[in-house]
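Beneath this line is the structure, given in structure tokens, with notes to follow.
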Amino acid sequence: MDRPRAQDLYEQAVTELAPAAARNRLVELVESGDAPLAALRGIAGEEYRIVRSDRRSFALMAARFGDREPAAGLFLGLAGGEARALELLTGYAAALGLDAAALAAYEPRPAAQSYAHHLAWLGQFGTRSEIALALLANFGFWGGYCARLAAALPRHYGLTEAEAAFFAYFAELPPGFEQGALAVLQEGLDAGEDPGAARLAARTMQAYEGAFWDSAHLS
């Protein structure tokens, strides 16, 4: 039996998830200028924990697959990207009146943190194909939301481009990410990893992405 093609699995996952991902109530409110400042501050508080958790998760993935390329390089690069994102996040938070102490004291909503917890689980226990497909499918949707926020925040809330740079940073896929993640996905599939489990990981990741935005909307 022929092994599944990574590109096919990726395209199928995006097609399956796109209808639900098309609607994001909080992003729509920001685009209309109707989102309360509390919700914008909530994004900062939640992301402060998520980004720090994701950096550790990617570092763990790099350690798990440290003897394999392109997986090791891919995950090390993503860990470094989270470090840069954390720097940019402080500028966004400061524009909303949140300093380092306020970010550290922020009490997160459990539903908003479910994405980071799922990524941490994948980092510890996930296969290469589960991790790669979940990231491939999710990053495009997440990046689309961030692009819209990067445009809307200066227009409706007076943020400078520098203060909205956290979202602009994630609006584009990291250089080489898609090619590297597809290679990792194909390597896992060629080794006999279950494509059904990879599809489930992608669906779960996107469901938790939605939970983040729904929870932040309630802030």
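The values are calculated or read from the model by the stated rules, or taken from the named source; none is laboratory data. Everything numeric in this text was worked out from a predicted model, so none of it was measured. Cβ atoms come from the backbone with ideal geometry, glycine included; neighbour counts cover every protein chain shown.
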Margin query: Exactly one condition in (1) in contact (Cβ under 8 Å) with a residue 24 or more places away in the chain; (2) under 21 Å from residue 23 (Cα atoms); (3) crowded, with 17+ Cβ neighbours inside 10 Å is false for residue 187; which is it?
Written below: (2)
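Hey, does region 122-132 have a residue that's acidic (Asp, Glu) and more than 20 Å from residue 177 (Cα to Cα)?
Our first condition is that a residue be acidic (Asp, Glu); within region 122-132, this holds for 130.
Within this subset, residues satisfying the condition of being more than 20 Å from residue 177 (Cα to Cα) are none.
No, there is no match, as no residue in region 122-132 is acidic (Asp, Glu) and more than 20 Å from residue 177 (Cα to Cα).
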Notebook entry, point to check: over 13 Å from the mean Cα position of the chain (by Cα) and modelled with pLDDT under 95, is that true of residue 83?
Noted result: no
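Just the residues that are touching a Cys at 6+ places or on another chain (Cβ under 9 Å) and of a type in the set (Phe, Trp, Tyr), please, taken from region 122-168. Lay out the reasoning, then the answer.
So in region 122-168, the residues touching a Cys at 6+ places or on another chain (Cβ under 9 Å) come out as 166-168.
Residues satisfying the conditions are 166, 167.
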Check: Has region 28-48 got at least one residue that is touching an Asp or Glu at 6+ places or on another chain (Cβ under 7 Å) and closer than 24 Å to residue 103 by Cβ?
Finding: no
Item checked: Members of region 19-34 that are touching a residue at least 24 places away in the same chain (Cβ under 8 Å) and either assigned to a helix (DSSP H, G or I) or aliphatic (A, V, I, L, M) (or both) -> 20, 21, 25, 26, 27, 29, 30, 31, 32
Next item on the list: Return yes when residue 51 is assigned to a helix (DSSP H, G or I), β-branched (Val, Ile, Thr), crowded, with 18+ Cβ neighbours inside 10 Å and over 18 Å from the mean Cα position of the chain (by Cα) and no when it is not.
Entry: no
Notebook entry, point to check: Of all residues in region 174-194, how many are touching a helix residue (DSSP H, G or I) at 6+ places or on another chain (Cβ under 6 Å) and either more than 17 Å from residue 62 (Cα to Cα) or among the aliphatic types (A, V, I, L, M) (or both)?
Noted result: 7
